[in-house]
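K.L.:
Submitted below is the structure of interest, expressed as structure tokens.
The values are calculated or read from the model by the stated rules, or taken from the named source; none is laboratory data. None of these values were measured; they are calculated from a predicted model. Using ideal geometry, Cβ is built from the backbone for each residue, glycine included, and neighbour counts are taken over all protein chains shown. Just the protein is used for accessible areas: all its heavy atoms, side chains included, with ligands, DNA and RNA removed. Shrake-Rupley method; radii C 1.70, N 1.55, O 1.52, S 1.80 Å.
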Amino acid sequence: MFLKSEKFREIKTDSGLSKIKSFTSIEDKISNLESFHTFWIIDKRIYQLYNKKLKVNNMILIEANESNKNIQTVEKIIVELNKKGADRTSRLIALGGGVICDITGFVASIYMRGIDFQYIPTTLLSMVDASIGGKNGVNLKTSKNLIGVFNQPQAVYINTDFLESLSQRDFLSGLAEIIKYSLIFDITFYKYLTENRDKILSRDMDVLNKIVWKSIDIKAQIVIMDEKEKSLRMILNFGHTAGHAIESATNFTHGESVSIGMRIGIDLSFKLHLIDEKIHDELLKFLKNFCLPVEIPKGFSKIMDRIKNDKKKVGDSINFVLIEKIGKARIVKLSIKKIIELINELYNY
Ligand code: GLY
């Protein structure tokens, strides 16, 4: 069967057990989770949208911009938690997108040497990626997610109704990660996405539920096998080496940057003879059909200079993720010099 009918997954790793469950009523979920011990970290936008349903005592509202995902915000939250009386028995619950989940997981991991934390992701990107797999961290000005820990949230609660109020750009941003899962791991999923393109773009809830849970399933399988990214988990970085450089240098969203990064990965896979021209063209068409950008931005050679700061760099090389066939990624160790050389050849800089 393409999709297991139950909406429940478990990720058991060295750093803990994460239970991923669906829920129906936002109001009921929040009142069930609310307690003397619970401290909520909430995206301001979500608070404005749902404030009538959010009857909670201890909350901290955060402006959910990537530029706020930094150590100063972490410090502010910690000071606030301390003022509000959070102790070792307290738990943090994130209600928001990836920025909120990443900050909350990181704060919970270091506050009083670690307290419990859970996520209620509200964006497509956070449902299928940020909330799953236990990577928590914040950015430095020069480099994304440079500071962080691996630590699994005890629970992640999924309700795709949140997706109805998502802007088109944020929706497509999450879709880029879903597309990535199909390209690196599962050709059946790729075919399903291709066949259901119109329903996906018109946010048919039944199809969205299927692709969200399939993505969670794929990510969970990968994380269970390699939580600390020693080998297999690296494939999740497909499109992300160039993508992170683009995201930190431009106004593209995460998903838009990853989409351009995937295009570069597809071009490089062709250039290095892993895929033929037919597959190359089919994959670029696949990205475009989902309204994702694939044009190389102006000033790209300068942007690519940023990969020198990529935290995944080992010595002067990067494990670059390429595609060897639809549904299968290959990790190729390339020197940064070689990557820049290949990119210059590809895009004539
Ligand atoms: N977002 C990539 C990962 O969790 O490994």
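K.L.:
In Å², what does the accessible area per residue of segment 65-198 work out to with a 1.4 Å probe?
P.N.:
So segment 65-198 comes to 37 Å² accessible per residue, rounded to a whole number.
K.L.:
Under 5 Å between amide hydrogens, which residues at least 5 positions from Thr13 or on another chain qualify, with H placed 1.01 Å from N in the peptide plane?
P.N.:
Correct list: Ser18.
K.L.:
Please give the calculated 222 nm ellipticity per residue for the chain, where each DSSP H segment of at least 4 residues contributes -39500 (n - 2.57) and the sum is spread over every residue; nearest 500 deg cm²/dmol? Don't jump to the answer; show the numbers that get you there.
P.N.:
Values: 13 runs with 154 residues, N = 349.
Counting only the DSSP helices, I get -13500 deg cm²/dmol.
K.L.:
Please give me, ordered by residue number, the chymotrypsin sites (Phe, Trp or Tyr not before Pro) of segment 35-98 that lie in loop per DSSP and have at most 13 other Cβ atoms within 10 Å. Intermediate values should be presented prior to the final figure.
P.N.:
Working: sites: Phe36, Phe39, Trp40, Tyr47, Tyr50; in loops: Phe36.
For chymotrypsin sites (Phe, Trp or Tyr not before Pro) across segment 35-98 that sit outside H, G, I, E and B with at most 13 neighbouring Cβ atoms in 10 Å, the list reads Phe36.
K.L.:
Name the trypsin sites (Lys or Arg not before Pro) in segment 1-62 that are in a loop by DSSP and that have at most 12 other C-beta atoms within 10 Å, would you?
P.N.:
Hits after loop and neighbour filter: Lys4, Lys55.
K.L.:
Also, I was wondering about something else. Treat every Asp and Glu Cβ in the chain as -1 and every Lys and Arg Cβ as +1, leave all other atoms uncharged, and give the resulting dipole magnitude about the Cα centre to the nearest 20 debye. The partial results should precede the final answer.
P.N.:
Numbers: 52 positive and 42 negative charges, 108 e Å.
So the magnitude is around 520 debye.
K.L.:
Counting only DSSP beta bridges with both residues in the chain, tell me the antiparallel percent, nearest 5. Walk me through the numbers before you get to the answer.
P.N.:
Numbers: 21 of 42 bridges.
Percentage antiparallel, nearest 5: 50.
K.L.:
So which trypsin sites (Lys or Arg not before Pro) in segment 132-182 end up in coil per DSSP with only 12 or fewer other C-beta atoms within 10 Å?
P.N.:
On the way: sites: Lys135, Lys141, Lys144, Arg169, Lys180; in loops: Lys141.
Qualifying residues, ordered by number: Lys141.
K.L.:
Using the structure shown, select from Lys53/Lys191; Lys278/Lys311; Lys19/Lys141; Lys228/Lys313 the pairs with a Cα to Cα distance greater than 27 angstrom.
P.N.:
On the way: Lys53/Lys191 39 Å; Lys278/Lys311 34 Å; Lys19/Lys141 33 Å; Lys228/Lys313 15 Å.
Beyond 27 Å between Cα atoms: Lys53/Lys191; Lys278/Lys311; Lys19/Lys141.
K.L.:
Which order do peptides 63-69, 89-95, 311-317 fall in by mean Cβ count within 10 Å, highest first? Could the numbers behind the result be given before it?
P.N.:
Values: 63-69: 14.9, 89-95: 23.0, 311-317: 12.3.
The densest-packed peptide leads the list: 89-95, 63-69, 311-317.
K.L.:
Let me ask another. Compute for segment 13-151: radius of gyration divided by Kirkwood radius, i.e. Rg/Rh, restricted to C-alpha atoms, rounded to two decimals.
P.N.:
Working: Rg = 13.9 Å, Rh = 15.0 Å.
Rounded to two decimals, Rg over Rh is 0.93.
K.L.:
Tell me the carbon and sulfur percent of the accessible area for segment 165-252, rounded to whole percent, probe radius 1.4 Å. Could you put the intermediate results ahead of the total?
P.N.:
Details: 1560 of 3090 Å².
The computed percentage sits at 50.
K.L.:
Still on this structure, I have one more. For a 26 Å ceiling on Cα separation, which of these pairs sit above it: Lys21/Lys135; Lys21/Lys325; Lys219/Lys285; Lys12/Lys135; Lys12/Lys328; Lys135/Lys333?
P.N.:
Numbers: Lys21/Lys135 19 Å; Lys21/Lys325 32 Å; Lys219/Lys285 24 Å; Lys12/Lys135 14 Å; Lys12/Lys328 24 Å; Lys135/Lys333 23 Å.
Over 26 Å apart, Cα to Cα: Lys21/Lys325.
K.L.:
With charges set only on the Cβ (+1 for Lys and Arg, -1 for Asp and Glu), what does the dipole of segment 59-173 come to about its Cα centre, in debye to the nearest 20?
P.N.:
420 debye
K.L.:
Mind checking which aspartates and glutamates have their C-alpha under 13 Å from Lys312, skipping anything on the same chain fewer than 8 residues away?
P.N.:
Glu229
K.L.:
Which of these, Val128, Val212, Val79, has the largest mean-square fluctuation under a Gaussian network model of the chain (Cα springs below 10 Å)?
P.N.:
Among Val128, Val212, Val79, the largest GNM mean-square fluctuation belongs to Val79.
K.L.:
Right, next: Please build a GNM for the chain, connecting alpha carbons under 10 Å apart, and tell me which residue among Ile62, Ile42, Ile26 fluctuates the most.
P.N.:
The residue with the greatest mean-square fluctuation here is Ile26.
K.L.:
Give me the lysines in straight-line cross-link reach of Lys55: C-alpha distance below 21 Å, same-chain residues under 8 apart excluded.
P.N.:
Of all the lysines, those that pass the test against Lys55 - Cα under 21 Å, at least 8 places apart if same chain - are Lys29, Lys44, Lys83, Lys84.
K.L.:
Please list the equivalent ellipsoid semi-axes of the chain, computed as the square roots of five times the alpha-carbon gyration tensor eigenvalues, in descending order and whole angstrom.
P.N.:
Values: eigenvalues 221, 105, 63 Å².
They are 33, 23, 18 Å, listed largest first.
K.L.:
A follow-up question, please. Between Glu27 and Asp204, what is the label-point separation in nm under the 7 Å Cα-to-beta-carbon projection?
P.N.:
3.1 nm
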